[in-house]
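Inspection log for the structure reproduced underneath, given as structure tokens.
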Amino acid sequence: MKNLTKIDPEIYQEIIKETNRQKNGLIMIASENFTSEAVLETMATVLSNKYAEGYPDKRYYTGNQFIDNIETYCIERAKKLFQAEHVNVQPHSGTSANLAAYFALLKPGDKILSMDLSHGGHLSHGSKASLVSQLYQISHYGVDPKTETIDYDQLTKIALAEKPQLIISGASSYPRQIDFAKINQIAQKIKAYHLADIAHIAGLCVANLHHSAINNADVITTTTHKTLRGPRSAVIIAKSELAQKIDKAVFPGIQGGPLEHIIAAKAVCFKQAMSAKFKKDQQQTIKNATTLAQTLLANNIRLVSGGTDTHLILIDLRPLKITGKQAADILAKANIYTNFNVIPFDDQPANNPSGLRLGAAALTTQGLKETEMQLIGQTIADILKNPNTENLQNKAKELVEELTNKFPIYQELSC
Ligand code: PLP
């Protein structure tokens, strides 16, 4: 970064500090991951300079011959990776992808049935705080209070009573597999569209480690930066009969010029996600999350739904008498990064809820395996049970230092 160092030392310094924070901590935020150096290199290119409104061979600006090639590579790879009929690779983010999909499928005032935010759903699925709730009529399904897994009977009942035009499946803090086929059948019964938002589990899905949403949804949206390990962005996957509607909804519907440097980086991510190594890493991610869950359970930490089938775990902190924010802050002091999260039937507010969400994706990218997950699980359990014990926090810091030295990430990036 020889130019940035000279031109803007303030920003350069902050980038270096953030690089070091990521390298010297345990990133256990379930929605985060380490993208590859190849993806990072691609994002920092002159592709960022180019206006390319429109689609390959149908642009509103000249000079797009190479951009067209790049976007076509991205589309073709995405179609192969997701076994999809049509993919739009232009959405800037998961929220933009969802908004575009709603715009393509619905009219203002139509009804959406989606998972309750506090049961694991996402803000963009129609939470009161989102624009989505002002445009559409929202109802929610949730989890069964006993099993804390999706209550498909309740979902069916609400679907039959409300007759929504769209059912959304997919979640942000749900640790179990989602039965997309079952939800698709319910949607078909009431002639609703089914949108599966696989943002969190996309990496697991393409590695065939999660029930498939392909052929079990009309539209699939996903971010590309979570288990998929790509740049911060998203795509929309659709059946070919919906292709035109989706494309028009993305551009000119809700976006202008696409971010071609990010589209190129998504193409690189998709190539990497087709490798045998990626599949192996996704298997390891699940093994790591399972080991972490087992270690926490062995220490009498309560997990929502009793465990995990995926990369993420949701701890119910109520028996420990600490809040999610307290827990996340204490762990961050030991350089263990997690996030506070609402849990099903939480009676605490979203800014200081009763849950803590953990993920194993980034640690797995870094190379950690079951042995390390046991050590980390034990450390987290000790700290959560004794939040004010300085000695335990120092021990945790030592473990983090040992592990990050043993499993370095981004060795070529300066620090
Ligand atoms: N959908 C789900 C299920 C998510 O978990 C998230 C983000 O965490 C999103 C959509 C939104 O993605 P973005 O932050 O890129 O808008």
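Residues are listed down the side, and each one gets a yes or a no for (1) within 15 Å of the ligand (Cβ to nearest atom); (2) in a loop (DSSP other than H, G, I, E, B); (3) touching a Ser or Thr at 6+ places or on another chain (Cβ under 9 Å):
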{"position": "Lys146", "(1), (2), (3)": "no, yes, no"}
{"position": "Ile158", "(1), (2), (3)": "no, no, yes"}
{"position": "Ala161", "(1), (2), (3)": "no, no, yes"}
{"position": "Ser172", "(1), (2), (3)": "yes, yes, yes"}
{"position": "Pro175", "(1), (2), (3)": "yes, yes, yes"}
* Kindly indicate the residue of the range 72-90 that is closer than 14 Å to Ser240 by Cα and in a loop (DSSP other than H, G, I, E, B) and also nearest to the ligand (Cβ to nearest atom) among those meeting that condition. => Ala84
* **Members of the range 248-281 found to be free of Cβ contacts under 8 Å to residues at least 60 places away in the same chain and either buried (at least 22 other Cβ atoms within 10 Å of the Cβ) or of a type in the set (Ser, Thr, Tyr) (or both), listed by number** => Ser275
* For the range 139-186, enumerate the residues that are surrounded by 21 or more Cβ atoms within 10 Å (Cβ to Cβ), of a type in the set (Ser, Thr, Tyr) and closer than 19 Å to Ala217 by Cβ. => Tyr141, Ser169, Ser172, Tyr174
* Structure fact -> Taking the range 374-415 and keeping only residues that are among the basic types (Lys, Arg), surrounded by 12 or more Cβ atoms within 10 Å (Cβ to Cβ) and in contact with an Asp or Glu (Cβ under 9 Å, 6 or more places away or on another chain), one is left with Lys395
* To do: Out of Ser130, Ser114, Ser139, Ser93, report the one residue that is small (Gly, Ala, Ser), without any contact (Cβ under 8 Å) to a residue 40 or more places away in the chain and either within 12 Å of the ligand (Cβ to nearest atom) or under 15 Å from Ile236 (Cβ atoms) (or both).
  => Ser130
* To do: From the list Thr42, Thr62, pick out the single residue that is part of a helix (DSSP H, G or I), more than 16 Å from the ligand (Cβ to nearest atom), polar (S, T, N, Q) and at negative phi.
  => Thr42
* Might you check whether a residue that is over 23 Å from Ile150 (Cβ atoms), touching a helix residue (DSSP H, G or I) at 6+ places or on another chain (Cβ under 9 Å) and within 13 Å of the ligand (Cβ to nearest atom) occurs anywhere in the range 180-201? => no
* To do: Pick out, from the range 202-310, the helices (runs of 4 or more DSSP H) lying fully within it that include 2 or more residues that are in the same structural domain as Asn386 (by TED's automatic domain parsing), away from the ligand (no atom under 16 Å from the Cβ) and in contact with a strand residue (DSSP E or B) (Cβ under 8 Å, 6 or more places away or on another chain).
  => 276-298
* Sole exception among (1) assigned to a helix (DSSP H, G or I); (2) in the same structural domain as Val268 (by TED's automatic domain parsing); (3) of a type in the set (Val, Ile, Thr) for Ile15, by number -> (2)
* In the range 28-63, residue surrounded by the most Cβ atoms within 10 Å (Cβ to Cβ) [restricted to those that are touching an Asp or Glu at 6+ places or on another chain (Cβ under 8 Å) and not aromatic (Phe, Trp, Tyr)] -> Ala52
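The values are calculated or read from the model by the stated rules, or taken from the named source; none is laboratory data. This is a predicted model, so every value here is computed, not measured. Cβ sites come from the backbone with ideal geometry, for glycine too, and all protein chains shown count toward neighbours.
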